[in-house]
Amino acid sequence: MLLRRRHFDADLEEEMRLHVELRGQQQIDAGASAEEARYAALRHFGNVSSLRERSHIAWGWSWLENLVQDAGYGIRWMLRSPGVTLVALLSLALGIGANTAIFTLLNAILMRPLPVEHPSQLVLLGDGLDDGISDGFPNTGLYSYPFFRQIRARNDVFSDTAAAFSFIDNVHGTVQGRGEAEPMKIQLVSGSYFPLLGIDAAAGRTLQDDDDRIEGQSPVAMVSYAWWKTALAADPAVIGKRLTIGSTVFTIVGVTPPSFFGTRVGELPDLWIPLSMEKYIPPRLDGYNDGMSESLNLIGRLKPGVSREQAESNVNVLFQQILRGIPNAPVNSGTIAKLNKAHVELTPIPGGIASRIRWFFQTPLEVLMALVGLVLLIACANIANLMLARATARSRELAVRQALGAGRSRLIRQLLTESLVLALLGGGLGLGFAALASRLLVRMASSADNAFQVNISLSLPVLLFTLALTLATAILFGTIPAWRATRVDVSVALAAGRTQSGTASKGPLAKTLVILQVALSLVLVAGAGIFLRSLINLVNVDTGFHRDNVVRMRVDASSAGYKEDARLAGVYRQIEDRVKAIPGVRAASFSIFTFNEGTWNNDIWVQGYAAGHREIDVLHNDVGNDYFRAMGIPLLAGRTFGPQDTATSPRVAVIGETMARKLFPEGSPIGRHYGYQKAVNAGSFEVIGVVKDVKYFSLDEPQQCGDYLPYSQNIRYLNEFEVRYTGDAGAAITAIRRTIGTIDENLHLSDVGTLNQKIDDSLTNRRLVAQLSTFFGLLAVFLAAIGIYGLMSYLVNRRTSEIGVRMALGAERPQVLWLVMREILLLALIGLAIGIPLALAGGRLVSSSLYGLNGIDAVSLGAAVAVLLAMAALAGYLPARRASRIDPMIALRHE
C-alpha cells in the first residue's frame with residue numbers, strides 16, 4: 001500500500017505542476033475548483049501518464065540542449081587552444097588507433113566466427129593441429145575417407161558431417177581460353193561440405209553429395225569469389241568454364257559468396273574439388289578407398305539438444321568399432337593397446353579450424369595488445385595533465401559560475417562533456433589511422449611466399465570496441481581533472497585572480513601522472529629491448545647449414561604429368577646435372593623439404609638400441625646426391641650419397657649427429673642398421689654417414705633426430721630444388737629458369753627465392769613484435785616527454801615570481817637551472833623505481849615468447865633506464881633553461 005500511495009502522490013504532484021502551467025496559459029479559470037481544474041488538464045493533455053510523458057520529454061530536451069551547449073563550448077575551447085588540442089588529438093588518435101588496429105587483426109584471426117550458418121554448432125574431430133598424410137595407427141587428429149563415410153552413416157549425434165583435406169594443394173592448371181598454366185590452390189572436400197556449412201553459391205551451385213559418390217566421375221570445381229574476381233576478371237560467363245589440371249579437365253559449377261574463405265582462417269583456397277577426384281589432381285594421392293590413408297579433417301554439426309559431451313561419447317564408441325574393422329589395419333597387441341587408450345576429442349570451431357596463421361600470430365598479437373594498452377594509458381595520463389592545466393587556468397571562471405548558482409555536478413558534467421567531445425574526435429581520427437595501420441600490419445605479417453588472407457574490413461565488433469575504448473578514455477582522462485577542478489574555494493579563487501588560482505590543486509596530481517608515464521614508458525622501452533635482443537639471438541642461431549648463396553624453388557612435376565617412376569627420377573637427375581653446368585653454380589639437388597617447409601616423420605626400429613628394439617620418431621628427407629653440398633651441411637663421419645647408391649644397391653642412409661648419439665651411443669654408427677617400425681626386416685637401412693644437425697621447422701626448435709635417404713632408392717615427387725651459386729642471385733635464378741625450360745617447358749616453377757629469404761619469412765611474427773614494440777616504446781617516450789615538458793613549463797610559469805626573488809637575492813643561473821632540473825629528475829627517478837619491478841614482472845610474463853632470454857635482462861633494463869633519464873633531462877632542460885633566463889626586474893614588477 002505504501003508503494004502505491006507514493007506513486008499516487010507523485011501523480012498528484014505532476015498534476016498540480018501542470019495545473020499551474022495551464023493556469024499560466026489561461027486555459028483554466030482562476031476560480032475553477034480542483035476537480036474542474038483536473039478535468040480541464042485531462043482534457044488538454046489526455047491523462048496523467050501523458051502529463052508525465054510530456055514532462056519527461058521536456059526534461060529530455062533540456063538535457064539535450066545542455067549537452068549541445070557544453071559540446072559547443074568544448075569545441076570553441078579547442079579552437080582557442082590549437083596547440084593543446086593538436087597534442088591531445090594526436091595522442092588520442094595514436095593510442096586509440098593502435099589499439100583498434102591490433103584488435104582488428106586479433107578479431108580477424110582469433111575471434112571472428114566463420115561466415116556460415118550457426119557456427120556455434122560446429123565441432124571438429126580432434127584438435128586440428130595436425131596436417132598432411134599420416135599412416136600412424138590409431139590417429140585421433142586425421143582420418144581416412146572410408147572412416148568418414150562410416151562415421152557419417154552410423155553416428156546419432158550429428159545432423160551431418162563433412163570432410164576436408166587437411167592441407168591445400170598448390171598446383172598449376174590452365175584456364176579455358178588462356179595458353180599459360182597458372183598457380184592454383186585447391187582444397188579437396190566431401191560433397192557434404194557446403195551443405196553442412198549452409199553455404200549457398202553466389203553464382204551457379206555448390207558441390208553436392210552426388211559429386212562425391214564415385215571415384216573419378218565428377219570433374220567439377222567451385223571457385224572462390226576472390227579468385228573469380230582476380231584470376232577470372234569477374235567473368236559473368238564463369239559457370240561452365242573449363243580448367244585443365246594435369247591431364248583432367250574440370251568444369252566450374254559455382255562461385256562462393258564473397259565472405260566465405262573456407263574453414264581455416266588465413267588459408268583461402270582458389271578452388272574446391274570433390275574428394276572423389278583426389279587421384280586425378282597432383283600429387284595424385286590414392287586414398288579415396290584406403291582406410292589407412294589418414295589425411296582428412298572431419299567436421300560435424302551437433303543435433304539440437306545434443307551436448308558436446310554426449311557427441312564425444314558416441315563418436316569414441318564408433319571410433320573404436322570402425323578402426324577395428326578397417327581392412328589391412330595393423331591390428332596386433334601393440335596397436336590394440338594404443339587403440340584402447342586412444343580418445344577423440346571434439347573441438348568447438350565457431351571460428352574455424354586452427355590454422356598455421358592462427359598458431360603463428362596468436363601470442364604476438366596478444367603481446368602487442370598489452371603493449372598498445374600501455375601506450376593508451378600513457379596517452380590518457382598525458383591528456384589528463386593537459387586537462388588539469390586547462391582547468392587550473394579556468395579556475396576563476398568556474399568559481400564565478402559557482403558563485404552565480406551553478407552546482408558542482410553541473411560543472412563536472414560540462415567538463416566531462418568537453419572531455420567526451422575531445423575523445424570522440426580523437427576516436428574518429430584513431431579509426432581512420434587504424435584502417436591504414438591494419439593494412440600495414442597485414443603487409444608486415446605477410447611473408448614473400450605466404451600472403452596474409454584475412455578480412456580486416458570494419459565490422460561491428462571493431463566499431464563497438466573503438467566506441468567503448470573512446471568512452472573509456474574520456475572517463476579515464478576526464479574524471480579526475482573535472483573532479484579536482486570543481487573543488488574550488490570560491491572566495492579565495494575570486495580574490496586571488498586568474499593567474500594565482502588553483503596552484504595547489506594541480507601540482508601533486510600532475511606530478512603523479514608524470515611518474516606514471518615514466519613508469520609505463522620504462523616497461524615499454526625495456527620490453528622493446530628484450531624483443532629486439534630475442535630477434536637478434538634467433539637471426540644469429542646456428543642453423544646447421546650455410547644459409548648464404550643458396551637459391552631454392554618449387555618444381556611442380558606432378559602438374560606436368562609425371563608419375564612417381566623411373567622417368568621422374570631421370571628428369572630430376574637431368575635437371576641437377578644441367579643446372580650444375582651453369583657458370584657460377586657449385587651444387588644442385590632436389591629434396592622433399594627444405595627449412596620451414598614441413599617434414600615427413602614416422603617411427604623407426606633400431607636393433608640393439610638400449611635393452612633391445614626401440615621405437616624412435618625420426619624426421620626424414622629424400623634428397624639428391626649433391627644435397628649436402630648445396631645446403632652447406634658439414635659431413636662429420638663416413639660418406640654422403642654417390643652414383644653407387646642405386647635402386648638395386650643396398651639401401652643406405654645418412655643421419656644427423658643427434659640421431660647418431662641417441663641411437664648408437666657406443667662406438668661408431670657407420671655400418672649400423674635401422675628400419676621402419678612396420679618393416680619385416682628391422683635392418684633395412686645401413687648408416688653410411690653422419691652430418692651436422694640442422695633446423696627443420698623453426699630457428700628456436702630443439703635438436704631433433706633426422707635422417708636423409710637417396711631419392712634414387714625411393715622415387716617420389718620432390719618439390720624442392722636447391723642450388724648453391726656464386727655471384728648475383730637474380731642472374732642465377734634467370735639461368736636456372738632458362739635451363740629447366742629447355743628440359744621441359746611444362747615444368748612450372750614457383751616460390752622462387754633465396755634460402756635467406758625463407759629463413760627471414762620464418763621470423764615474421766618475431767620481427768612484427770620487435771618492430772612494433774620498438775615503435776610503441778619510442779611513442780611512449782615521446783608522449784612522456786610532452787608530459788614532462790608541459791608540467792615543467794607550467795611549474796616554471798607558476799614560480800616566476802619566486803625565481804625572480806631568488807635571482808634578485810643573488811642566485812646564479814646554474815643554481816636556478818639545477819633548481820628546476822632537480823625536481824624533474826626526482827620525478828623521473830621515482831617513476832623508474834616504480835617501473836623497474838613492473839618491467840621485470842612483465843618480462844617474466846612474456847618469457848615464453850623470447851629466445852635466449854628468460855625475461856628482462858640487465859642490458860635491456862639498463863638501456864631503457866638510460867633512454868628515459870636522457871628523455872627526462874632533455875624535456876626538463878628547456879623549461880629550466882627558460883627559467884634561468886628570467887629577468888628579475890620583470891618578474892618582480894609582474895608580482
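The values are calculated or read from the model by the stated rules, or taken from the named source; none is laboratory data. All figures in this text were calculated on a predicted structure; none of them were measured in a lab. Positions of Cβ are generated from backbone atoms using ideal geometry, with glycine treated the same way; all protein chains shown enter the neighbour counts. For accessibility, only protein heavy atoms count, side chains too; no ligands or nucleic acids. Shrake-Rupley method; radii C 1.70, N 1.55, O 1.52, S 1.80 Å.
Considering only the range 483-536, how many residues are of a type in the set (Val, Ile, Thr), at pLDDT 65 or above and either touching a Phe, Trp or Tyr at 6+ places or on another chain (Cβ under 7 Å) or over 23 Å from Gly787 (Cα atoms) (or both)?
Start the filter on the range 483-536 by keeping residues that are of a type in the set (Val, Ile, Thr), which leaves 486, 488, 490, 492, 499, 503, 512, 514-515, 518, 523, 525, 530, 536.
Subset that is at pLDDT 65 or above: 486, 512, 514-515, 518, 523, 525, 530, 536.
Among the residues that remain, those that are also either touching a Phe, Trp or Tyr at 6+ places or on another chain (Cβ under 7 Å) or over 23 Å from Gly787 (Cα atoms) (or both) are: 530, 536.
The number of residues fulfilling the criteria is 2.
Surrounded by fewer than 21 Cβ atoms within 10 Å (Cβ to Cβ) and at pLDDT below 75: does that describe Leu892?
Details: surrounded by fewer than 21 Cβ atoms within 10 Å (Cβ to Cβ): yes; at pLDDT below 75: yes.
Considered against the rule, which asks whether it is surrounded by fewer than 21 Cβ atoms within 10 Å (Cβ to Cβ) and at pLDDT below 75, Leu892 comes out as yes.
Working only within the range 842-872, note down all residues that are surrounded by fewer than 17 Cβ atoms within 10 Å (Cβ to Cβ), not hydrophobic (A, V, I, L, M, F, W, C) and not in a loop (DSSP other than H, G, I, E, B).
Arg844, Ser847, Ser848, Gly862
Thr174 - would you say it is open to solvent by less than 60 Å² (accessible area, probe 1.4 Å), in a strand (DSSP E or B) and under 20 Å from Tyr288 (Cβ atoms)?
Criteria not met by Thr174.
Out of the range 448-482, which residues are at pLDDT below 80 and not aliphatic (A, V, I, L, M)?
Listed by number, the residues that qualify are Asp449, Asn450, Phe452, Gln453, Asn455, Ser457, Ser459, Phe477, Gly478, Thr479, Pro481.
Among the candidates Ala560, Ala647, Ala587, single out the residue that is farther than 30 Å from Ala731 by Cβ and aliphatic (A, V, I, L, M). Even if it seems obvious, please write down each step before you answer.
Working: Ala560 fails: farther than 30 Å from Ala731 by Cβ; Ala587 fails: farther than 30 Å from Ala731 by Cβ.
Matching residue, one of Ala560, Ala647, Ala587: Ala647.
Hey, any hits in the range 127-145 for a residue that's part of a helix (DSSP H, G or I) and crowded, with 18+ Cβ neighbours inside 10 Å?
The answer is yes; a qualifying residue exists.
Would you tally the residues in the range 233-278 being in contact (Cβ under 8 Å) with a residue 40 or more places away in the chain and assigned to a loop (DSSP other than H, G, I, E, B)?
16
Restrict the check to the range 78-87 and report whether at least one residue is open to solvent by 10 Å² or more (accessible area, probe 1.4 Å) and within 30 Å of Val315 (Cα to Cα).
Checked the range 78-87: no residue is open to solvent by 10 Å² or more (accessible area, probe 1.4 Å) and within 30 Å of Val315 (Cα to Cα).
With respect to the numbered conditions (1) at pLDDT 95 or above; (2) closer than 26 Å to Leu339 by Cα; (3) more than 29 Å from the chain's Cα centre (by Cα), which one is the sole condition not fulfilled by Pro138?
All conditions pass for Pro138, except number (1).
Within the range 201-227, can you find the residues that are within 34 Å of the chain's Cα centre (by Cα) and part of a helix (DSSP H, G or I)?
Tyr225, Ala226, Trp227
What number of residues in the range 645-672 are surrounded by 21 or more Cβ atoms within 10 Å (Cβ to Cβ), at pLDDT 90 or above and farther than 21 Å from Gly624 by Cβ?
Qualifying residue count, the range 645-672: 2.
For Val539, are the conditions met, namely being within 30 Å of Leu749 (Cα to Cα) and β-branched (Val, Ile, Thr)?
Here the answer is yes, as Val539 does meet what is asked.
Quickly run through the range 651-668 and pick out the residues that are among the hydrophobic types (A, V, I, L, M, F, W, C) and part of a loop (DSSP other than H, G, I, E, B).
The one that is among the hydrophobic types (A, V, I, L, M, F, W, C) and part of a loop (DSSP other than H, G, I, E, B): Phe664.
Select from the range 113-134 the residues that are over 15 Å from Ala163 (Cβ atoms) and touching a Lys or Arg at 6+ places or on another chain (Cβ under 8 Å) and list them in ascending order.
Selection gives His118, Gln121.
Consider Ala875 carefully, then state whether it is on the phi < 0 side of the Ramachandran plot and either open to solvent by 30 Å² or more (accessible area, probe 1.4 Å) or modelled with pLDDT of 90 or more (or both).
It is false that Ala875 is on the phi < 0 side of the Ramachandran plot and either open to solvent by 30 Å² or more (accessible area, probe 1.4 Å) or modelled with pLDDT of 90 or more (or both).
Give the residue, chosen from Gly683, Gly675, that is closer than 16 Å to Trp605 by Cα, out of contact with any His (no Cβ under 9 Å at 6 or more places or on another chain) and at pLDDT below 90. First the steps, then the outcome.
On the way: Gly683 fails: out of contact with any His (no Cβ under 9 Å at 6 or more places or on another chain).
Gly675 is the lone residue from the list that is closer than 16 Å to Trp605 by Cα, out of contact with any His (no Cβ under 9 Å at 6 or more places or on another chain) and at pLDDT below 90.
Let me confirm something: among Ile109, Ile102, which residue is surrounded by 23 or more Cβ atoms within 10 Å (Cβ to Cβ) and either at pLDDT below 85 or part of a loop (DSSP other than H, G, I, E, B) (or both)?
Ile109
Restricting the search to the range 233-250, which residues are more than 17 Å from Val171 (Cβ to Cβ) and either at pLDDT below 90 or of a type outside the set (Gly, Ala, Ser) (or both)? Before you say what the answer is, go through the steps one by one.
Quick first cut of the range 233-250, residues more than 17 Å from Val171 (Cβ to Cβ) only: 233-241.
Once the filter is applied, which keeps residues that are more than 17 Å from Val171 (Cβ to Cβ) and either at pLDDT below 90 or of a type outside the set (Gly, Ala, Ser) (or both), the range 233-250 yields Ala233, Asp235, Pro236, Val238, Ile239, Lys241.
Looking only at the range 371-383, how many residues end up being open to solvent by 10 Å² or more (accessible area, probe 1.4 Å) and either modelled with pLDDT under 85 or not aliphatic (A, V, I, L, M) (or both)? Walk me through how you get there before you give the answer.
To start, the set of residues in the range 371-383 that are open to solvent by 10 Å² or more (accessible area, probe 1.4 Å) comprises 371, 373-374, 376-377.
Cutting the leftovers down to either modelled with pLDDT under 85 or not aliphatic (A, V, I, L, M) (or both) gives us 373.
Residues flagged as open to solvent by 10 Å² or more (accessible area, probe 1.4 Å) and either modelled with pLDDT under 85 or not aliphatic (A, V, I, L, M) (or both) within the range 371-383 amount to 1.
Hey, can you tell me all the residues within the range 168-193 that are under 27 Å from Ile357 (Cβ atoms) and without any contact (Cβ under 8 Å) to a residue 60 or more places away in the chain?
If the condition is that a residue be under 27 Å from Ile357 (Cβ atoms) and without any contact (Cβ under 8 Å) to a residue 60 or more places away in the chain, then Glu182, Ser192 are the ones that fit.
With under 30 Å from Leu768 (Cβ atoms), part of a helix (DSSP H, G or I), modelled with pLDDT under 80 and not polar (S, T, N, Q) as the only criterion, which of Val87, Val68 stands out? Step through it out loud before you land on a result.
On the way: Val68 fails: under 30 Å from Leu768 (Cβ atoms).
Selected residue: Val87, the only one of Val87, Val68 that is under 30 Å from Leu768 (Cβ atoms), part of a helix (DSSP H, G or I), modelled with pLDDT under 80 and not polar (S, T, N, Q).
Filter the range 328-370 for residues that are closer than 30 Å to Ala98 by Cβ and open to solvent by 50 Å² or more (accessible area, probe 1.4 Å) and give the result.
Pro350, Arg356, Trp359, Gln362, Thr363, Glu366, Ala370
Can you find, within the range 112-135, the residue that is modelled with the lowest pLDDT among those that are closer than 30 Å to Pro461 by Cα and acidic (Asp, Glu)?
Among those residues, the one meeting the criterion is Asp127.
Counting only residues that are open to solvent by less than 30 Å² (accessible area, probe 1.4 Å) and closer than 30 Å to Tyr572 by Cα, which one in the range 603-619 is modelled with the lowest pLDDT?
Top of the filtered list is Ile604.
Could you tell me which of the residues Asn316, Asn297 is polar (S, T, N, Q), modelled with pLDDT of 90 or more and in contact with a Ser or Thr (Cβ under 8 Å, 6 or more places away or on another chain)?
One residue alone meets the criteria, Asn297.
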